[in-house]
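**Q** One structure, as structure tokens, below. Some questions next.
Just so it is clear, none of the values below were taken in a lab; they were calculated from the coordinates. Computed from a prediction, not measured in an experiment: that's the story for all the values here. Backbone-built Cβ (ideal geometry, glycine too); neighbour counts: all protein chains shown.
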Amino acid sequence: MDSFQNAPALPPRRRRNLRPLLAAILLSLAGSASAADEPPRFALSGFGTFGLTRSDKDNYRFHSSSTQPSTMPGQNFDPSTDSVLGVQGTARLSDKFDLTVQAVSRQAAGYDYTPHITWAYLHYRPTPTLSLRAGRTTTPFFMFSDSLNVNYATPWLRPPAEVYSLNPFSDLDGVDAIYRAPLGQMDLEIQGLVGQSAVLTRSASGRLRNARALRVGLAGTGFSAQAGYTRTDLHLNWTDGFHQALRRQLIAAGEADAADELSGTHASAEFFSAGFQWEKNNWITIAEFAKRKVDRYISTAHGWYLTVGHRIDAFTPYVTYANQNQDTPAFCTPVPAIHAPLVGIYNNSRNTAQHSLAFGTRWDVARRIALKGQIERITPAPQSRGLFPSDTLADYLRPTTPVHVLSLSVDFVF
Amino acid sequence: MSPMRLIRLLALAAALLPAAAQAEIVIVTSQRSGAIELSREQAEKLYLGRATTLIDGTPVKLVDLPNGATRDDFYLKLTNKNPAQIVAYRSRLVFNGRATPPIEADNVGEARQWLAETPNLIGYLERTDITSGMRVLLRLP
């Protein structure tokens, strides 16, 4: 019906949509209030997930990130791991400038769902191949860093935690430049960033200062690949009980210098990641490697995963193998042997090494809505608890066992 | 027969034919745009957010039709992606700030009005929906 209700017989200038107030304000700011018959310059959109996660053992509560505080018994269905809601507005101020703000609500380390500003930047395109952005963008640590909360966009239920938990810093306050150029049949993208970041996890507060990053990406039909490198100063303050206990014990034994190596403001860190996505004849392959190298306070570790999926009508079943290894433990400063037991537990509580095999499927039930289910078998590394942190000393003295985790979610965009 | 009646009759005929979704789709721009040239490859790049300009560097904006058969048919023909794939692909680009999505018209009438009057705006329509203010850049039979 629409096609002839608005046929040219109507005087073109008569028809004018009532756009939201914000759009009107931005429009007048942009000095183009006369644009009645032009497309709107403001777009509002959003995304979200409602997910439930449980394991088969009460003392193994799954966390996909160190920012998640939940201490719910592992066998209870927990909505806090994957549930997220985000809203984003973009205003085109002119052909060369636009403004983007995104707010995301998901459970934070303080158990609250207070919306957090994840994007707030002014974007300037001086030439068609160059983009400059200033404000809050995201850290470039992983292939999917820039859309971590948008589960609808990916085939899997969540990005594999063995890689994506290696770095919990997600916001970057600073500036970046993106240069794009064709390279044969593909498009090359080079991005440089400088900025700083802060994060609160369940057991620490951290800051990145003077972070400098370089990312190179290549995209073609059905294929994309990227690699990134970041160098940064790291401030890290542990707040958990094991840290307090070890610190107290070291200071009481006159090892104050060693205690200062547990946490503080003098670490430097490097992050590297490389990955690719390839899609052909309804087969999807995604793989990524990432490494975190830190000189103190936290372990040096690396991880990788491989996902293969196959699209069959509305279903995309997939399988993922993922692995995280610790290269050096968090606390390596030599101390008298009497401290060894507590140092051992301290380091084990900071070792998230594990490997997992996951089977899952995406089901596109309706336009803009996907249901996903995943079952995974996670094997924490010996003497570590992998991504099942605990505050209880006894949990680190028991041998670890494989854990099965079931996750169900509905992802949507609007 | 008045042009309005003819349009109504054609629309009725189209609605009755199951092959309506297979109608020819054309990519158009306003007569007010400059001397725009558009290759199929560049059209695909634009609609997949991998380019924001024409090959000669002219910045362009894009229009999307509302959800429906024409839109699905267009993306399938141009990018070989089904509706769910397009939404998933697009959502990543939008929410990672890489690309602003095409501007979605509320209905075909609105898209026609925009496309006839706004310079450097590109959009797709069924061939039978184009008006005199537009120029066809590319045909997707």
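**Q** Give me the tail of P(r) for the protein assembly as shown as a percent: Cα-Cα pairs with distance above 48 Å.
**A** Here the tail beyond 48 Å accounts for 19 percent of pairs.
**Q** Given a cut-off of 28 Å, name the pairs among A:K293/A:K372; A:K280/B:K77; A:K372/B:K45; A:K293/B:K81; A:K96/B:K45; A:K280/A:K372 whose C-alpha atoms lie farther apart than that in the structure shown. Write down the numbers at each step before the final one.
**A** Details: A:K293/A:K372 34 Å; A:K280/B:K77 17 Å; A:K372/B:K45 30 Å; A:K293/B:K81 40 Å; A:K96/B:K45 19 Å; A:K280/A:K372 22 Å.
From A:K293/A:K372; A:K280/B:K77; A:K372/B:K45; A:K293/B:K81; A:K96/B:K45; A:K280/A:K372, over 28 Å: A:K293/A:K372; A:K372/B:K45; A:K293/B:K81.
**Q** Summing Lys, Arg as +1 and Asp, Glu as -1, what charge do residues with Cβ under 13 Å from the Cβ of A:T230 carry, A:T230 excluded? Each step should come with its number before you reach the end.
**A** Values: positive: A:R209, A:R212, A:R215, A:R231, A:K291, A:R292, A:K293; negative: A:D176, A:D233, A:E270.
Charge balance in the 13 Å sphere: +4.
**Q** Using 7 Å Cα-to-Cβ label points, what is the B:E44/A:A177 separation (nm, one decimal)?
**A** Between B:E44 and A:A177, the label points sit 3.2 nm apart.
**Q** Just want the answer: with Cβ charges of +1 for Lys and Arg and -1 for Asp and Glu, which residue in A:I378, A:T138, A:N282 is farthest toward the dipole's positive end in the protein assembly as shown?
**A** The listed residue farthest towards the positive side: A:N282.
**Q** Please give the net charge around A:A267, taking every other residue with its beta carbon less than 14 angstrom from that of A:A267, where Lys and Arg add +1 and Asp and Glu add -1.
**A** +2
**Q** Given a 10 angstrom Cα cut-off, can you work out which residue in A:G344, A:G254, A:G51 is the most mobile in a GNM of chain A?
**A** It is A:G254.
**Q** Given a 10 angstrom Cα cut-off, can you work out which residue in A:G241, A:G174, A:G360 is the most mobile in a GNM of chain A?
**A** Among A:G241, A:G174, A:G360, the largest mean-square fluctuation in the Gaussian network model of chain A belongs to A:G241.
**Q** Further question on the same structure: Among A:W283, A:W238, which comes first, second and so on when ranked by fewest other beta-carbon atoms within 10 Å?
**A** Details: A:W283 12, A:W238 24.
The order, fewest Cβ neighbours first, is A:W283, A:W238.
**Q** Sticking with the crude label model, points 7 Å out along Cα→Cβ, report the distance from A:R209 to A:A120 in nm, one decimal please.
**A** Label at A:R209, label at A:A120, 2.2 nm between them.
**Q** Right, next: Can you compute the helix-only [θ] at 222 nm over chain A? Use -39500 (n - 2.57) per DSSP H run of at least 4 residues, normalise by all residues, nearest 500 deg cm²/dmol.
**A** Values: 6 runs with 42 residues, N = 414.
Computed ellipticity for chain A at 222 nm equals -2500 deg cm²/dmol.
**Q** Continuing with this model, one more query. Quick check: from the Cα gyration tensor, does the stretch A:171-239 come out rounded (a/c under 1.5), prolate or oblate? The partial results should precede the final answer.
**A** Numbers: a/c = 3.91, a/b = 2.44, b/c = 1.60.
Judged from the Cα gyration tensor, the stretch A:171-239 comes out prolate (a/c at least 1.5, a/b above b/c).
**Q** Continuing with this model, one more query. If you stretched the chain out fully between A:M72 and A:F97, how much longer would it get, using 0.36 nm times the residue separation minus the C-alpha to C-alpha distance?
**A** Details: separation 25, 0.36 × 25 = 9.00 nm, distance 4.59 nm.
Separation in residues times 0.36 nm, less the Cα-Cα distance, equals 4.4 nm.
**Q** Can you tell which of A:R209, A:R136, A:R248 shows the greatest fluctuation in a Gaussian network model of chain A with Cα springs below 10 Å?
**A** Top of the fluctuation ranking is A:R248.
**Q** Pop out the ³J(HN,Hα) list for the stretch B:107-121 in order, Karplus 6.51 cos²θ - 1.76 cosθ + 1.60 with θ = phi - 60°, rounded to Hz; leave Gly and Pro as x.
**A** 7, 4, x, 5, 4, 4, 4, 4, 5, 7, 10, 9, x, 6, 10
**Q** Here's another thing I want to ask about it. Taking beta carbons within 10 Å but only from partner chains, what does the mean come to for residues B:47-57?
**A** Details: counts 0, 2, 1, 9, 5, 6, 4, 1, 1, 1, 3.
That average works out to 3.
**Q** List the residues whose amide H sits under 5 Å from the amide H of A:D78, counting only those 5 or more places along or on another chain, with H placed 1.01 Å from N in the peptide plane.
**A** Under 5 Å from the amide H of A:D78 lie the amide H atoms of A:T53, A:R54, each far enough along the sequence or on another chain.
**Q** Now for a different question. Using a cut-off of 15 Å between beta-carbons, work out the net charge of the residues near A:G51 (Lys and Arg +1, Asp and Glu -1, A:G51 not included).
**A** Numbers: positive: A:R54, A:R61, A:R106, A:R158, A:R362, A:K372; negative: A:D78, A:D82, A:E376, A:D411.
Neighbour charge sum, excluding A:G51 itself: +2.
**Q** Expressed in nm to one decimal, what extension gain is obtained for the pair A:L132 and A:N237 from 0.36 nm per residue of sequence separation less their Cα-Cα distance?
**A** So the extension gain works out to 34.5 nm.
**Q** Let me ask something else. Might you report the magnitude of the Cβ-based charge dipole of the stretch B:23-140 about its Cα centre, with Lys and Arg at +1 and Asp and Glu at -1, to the nearest 20 debye? The partial results should precede the final answer.
**A** Values: 15 positive and 14 negative charges, 74 e Å.
Dipole about the Cα centre, nearest 20: 360 debye.
**Q** Within a 10 angstrom radius of each residue's Cβ in B:108-120, how many Cβ atoms of other chains show up on average? Whole number is fine. Could you put the intermediate results ahead of the total?
**A** On the way: counts 7, 10, 6, 4, 5, 10, 4, 1, 3, 5, 4, 1, 1.
Whole-number average of other-chain Cβ neighbours for B:108-120 is 5.
**Q** While we're here: Specify which residue in the list B:A35, B:L65, B:L54 is farthest towards the positive end of the charge dipole of the stretch B:14-114, using unit charges on the beta carbon of Lys, Arg (+1) and Asp, Glu (-1), about the Cα centre.
**A** Positive-most Cα among the choices belongs to B:L54.
**Q** Cut-off is 10 Å between beta-carbons; in what order do A:E279, B:E24 appear when sorted fewest neighbours first? Intermediate results must be reported in sequence, preceding the final value.
**A** Numbers: A:E279 19, B:E24 13.
Final ranking by Cβ density, sparse to dense: B:E24, A:E279.
**Q** Ratio of the stretch B:23-140's C-alpha Rg to 2.2 N^0.38 Å, to two decimals?
**A** Working: Rg = 13.1 Å, N = 118, 2.2 N^0.38 = 13.5 Å.
Relative to the rule-of-thumb radius for its length, the stretch B:23-140 sits at 0.97.
**Q** If you don't mind, another one. Figure the gain on full extension for A:D260 and A:D327 (residue separation times 0.36 nm, minus the Cα-Cα span) and round it to one decimal in nm.
**A** Details: separation 67, 0.36 × 67 = 24.12 nm, distance 2.17 nm.
Using 0.36 nm per residue and subtracting the Cα-Cα distance, I get 21.9 nm.
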